[in-house]
Amino acid sequence: MKKNGLIIIFVVVVLAVLYFIEMSKVKTGGVNNMPTLDNLATDEISANWDLFYKVRATIIDGQSASFSIPEELKDKEGKRLKLAGAVVFRGNGCIMIDNEKTSVNYFFLMPTLGLARACELQPDEAMRWTIRVDLATPWILNRNEMIDAEATVTGIFKIDTSKPYEAAFFIENANVELKP
């Protein structure tokens, strides 16, 4: 009996020592090192999303919303805009060619950071930075390319808040490049 008690105490001591060794490896003060929208290091193309983060949308009824859009973003309307982000395929923008290939006429672009929260977004939040990308020519993709797709798009920026549940922001006549 005494022998079993000593074995139990020994195992508990070993586990406690291992626990303290592992806990000593944890670095504290990491909160300031976490990337957020305020301290995220971005490239020039990703910085184009900054103005979209300042947009505010308020739902009026089930079909319309009012928008507060920064003047700097309004000034970009009608001009070429280049954005990179996560591609979301939905609606009638995709036409299946065969079992492997799909022709994409339009898709929705979201900032990659926003996609992580897309499943929990409220419509008024999603309206702020969901962009419909209308392509200049159809984009032919296979199934694997459509999974977790990220792309860089360049086209003419347009604002149209008449159908906010679809999109309030558009990039028209766009060229697209799939990111590796």
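Tabulated results
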| item | result |
| --- | --- |
| Some residue of segment 89-104 being under 25 Å from S66 (Cα atoms), at pLDDT 90 or above, open to solvent by less than 50 Å² (accessible area, probe 1.4 Å) and touching a strand residue (DSSP E or B) at 6+ places or on another chain (Cβ under 6 Å) | no |
| Count - residues of segment 134-153 that are surrounded by 14 or more Cβ atoms within 10 Å (Cβ to Cβ), of a type in the set (S, T, N, Q) and over 20 Å from the mean Cα position of the chain (by Cα) | 0 |
| Matching entry among I131, I156, I171 (being touching a strand residue (DSSP E or B) at 6+ places or on another chain (Cβ under 8 Å), within 30 Å of Q63 (Cβ to Cβ) and open to solvent by 40 Å² or more (accessible area, probe 1.4 Å)) | I156 |
| Residues of segment 73-91 satisfying the condition of being part of a helix (DSSP H, G or I) and touching an Asp or Glu at 6+ places or on another chain (Cβ under 9 Å) | G91 |
| Residue identified as at pLDDT below 85, out of contact with any Leu (no Cβ under 7 Å at 6 or more places or on another chain) and among the hydroxyl-bearing types (S, T, Y) among S66, S24 | S24 |
| Flag for T58 being among the hydroxyl-bearing types (S, T, Y), open to solvent by 60 Å² or more (accessible area, probe 1.4 Å) and either touching a Gly at 6+ places or on another chain (Cβ under 8 Å) or not in a loop (DSSP other than H, G, I, E, B) (or both) | yes |
| V31 in a helix (DSSP H, G or I), surrounded by 10 or more Cβ atoms within 10 Å (Cβ to Cβ) and either at pLDDT 75 or above or at negative phi (or both) | no |
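The values are calculated or read from the model by the stated rules, or taken from the named source; none is laboratory data. Nothing here was measured: the structure is a model prediction, and the numbers come from that model. Ideal geometry is used to build each Cβ from the backbone, glycine not excepted, and the neighbour counts take in all protein chains shown. We work out accessible area using only protein heavy atoms, side chains counted, and drop any ligands, DNA or RNA first. Shrake-Rupley method; radii C 1.70, N 1.55, O 1.52, S 1.80 Å.
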